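Colleague: The structure follows.
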Amino acid sequence: MLLIISSHRDDSVHVVLPKLRERGVPLLWWDEADYPGGSTLTTSYLDGRWHQALTYRGETYDLSKVSAVWDRRPDPPSAIEVPEPSQRAFAEHTARIAVTGAYDLMVGARWMPAPPQHAAAVDNKLLHLYRAAELGLTVADTVVTNDPEALVPLWNRAGGRVITKTLGFHPFTLDGEAGHLFTATVPRRRLTGRHRLRHGPAMLQPNVPKAYELRVTVVGERVFAARIDSQASRSTTVDWRHYHDTNVGYAAYDLPQDVADRCVGLVAGLGLSFGALDFIVTPDGRYVFLELNVNGQWAFVELRTGMPISDAIADWLATGIGLRPGGRRPPRPEGPADAH
């Protein structure tokens, strides 16, 4: 059986579901937010054997039967029925420990992109840059620091063309509203406030000239590269994720084989089966690696380019339960073919 772990609002899962059904994949789509309030999970060691059972929507599933797991983007465990905030937080914390332990015991399953604790351990931009450079990918000069005095020398070295980005996403509020930091330039006037850097490290890089950008999606050993004409709009020149601009074109891209091989090597070397990589292609034709998204979005690429990324994901997951890519097998008799 295939276990999909993700929010029920996840559009990417909805894109892949028809492909999985076409392949006859027996599956359960479950969100951690349904635990502990909406489901029960029991892990036990009895008579010399480990047993794990998940009961959800009136059905009980033997997790030892799970041979492939797609850990997409679940919402966290929720004990909303516990009214007192600290007690609710305690219940949700223990639920997180229990579900993480259950995943750790699913040692025979094939995971996309990886078991959660491993995926979290390798989800680090500095590690990705280090591994990319080791593999021979071009990486921009990079400084990660909270030393305010490091900013001016870098700014001067880059001729005043410096960008800054965060090391990772974490929610915060600004003037009472949810905030998000995109990649941004560092103009001269910002140097006077560089003392604020002391309060938290930032990643600083030269603002590499762009002809266009690439989003490269790796599924197992399959590579899907999309060209993003980010320089066609002023709003997306620094960070194409910031705005949805119809002037920005997307197209399937023929990535050089050596770059594609290094992308596969980077993902596999991190112990992952999936990765979404971002590149700059410079006006003189260099491929500059920016970052790897361990569980990055890909459905928008398929929507805009027609590349069959969802089919590749479905094939990889179907292979995990013993089906050949594109093949079918009757559902197993011990459970429903499609539980959601």
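Please treat every number below as a calculation from the coordinates, not as lab data. Keep in mind that this is a model prediction, so the values were computed, not measured. Cβ atoms come from the backbone with ideal geometry, glycine included; neighbour counts cover every protein chain shown.
Colleague: Could you give the size of the charge dipole of region 1-63 about its Cα centre, using +1 on the Cβ of each K and R and -1 on the Cβ of each D and E, expressed in debye and rounded to the nearest 20?
Modeller: 200 debye
Colleague: Once Lys and Arg get +1 and Asp and Glu get -1 on their Cβ, which of Pro153, Val139, Phe169 lies farthest toward the positive end of the dipole of the chain?
Modeller: Pro153
Colleague: Under a Cβ-only charge scheme (Lys and Arg +1, Asp and Glu -1), can you give me the dipole magnitude of the chain about the Cα centre, in debye to the nearest 20?
Modeller: That gives the chain a dipole magnitude of about 780 debye.
Colleague: Return the distance in nm (one decimal) between the two label points of a simple spin-label model at Leu191 and Gln117, each offset 7 Å from Cα along Cα→Cβ.
Modeller: If labels sit at Leu191 and Gln117, their model points lie 4.8 nm apart.
Colleague: Moving to a separate point now. Tell me the mean residue ellipticity at 222 nm calculated for the chain from its helices only (DSSP H runs of n ≥ 4, each -39500 (n - 2.57), averaged over every residue, nearest 500).
Modeller: Here the helix-only value at 222 nm equals -8000 deg cm²/dmol.
Colleague: Relative contact order, percent, of region 1-146 when contacts are C-alpha pairs under 8 Å separated by at least 6 residues?
Modeller: Working: 178 pairs, mean separation 33.4, N = 146.
Result for region 1-146 is 23 percent.
Colleague: Can you give the local net charge around Arg262? Use residues other than it whose beta-carbon is closer than 12 angstrom to its beta-carbon, Lys and Arg +1, Asp and Glu -1.
Modeller: -2
Colleague: If Lys and Arg each add +1 and Asp and Glu each add -1, what is the summed charge of the other residues whose beta carbon sits under 9 Å from the beta carbon of Gly136?
Modeller: -1
Colleague: What does the net charge come to around Arg196 if you take all other residues with beta carbon closer than 14 Å to its beta carbon, with K and R at +1 and D and E at -1?
Modeller: Net charge around Arg196: +2.
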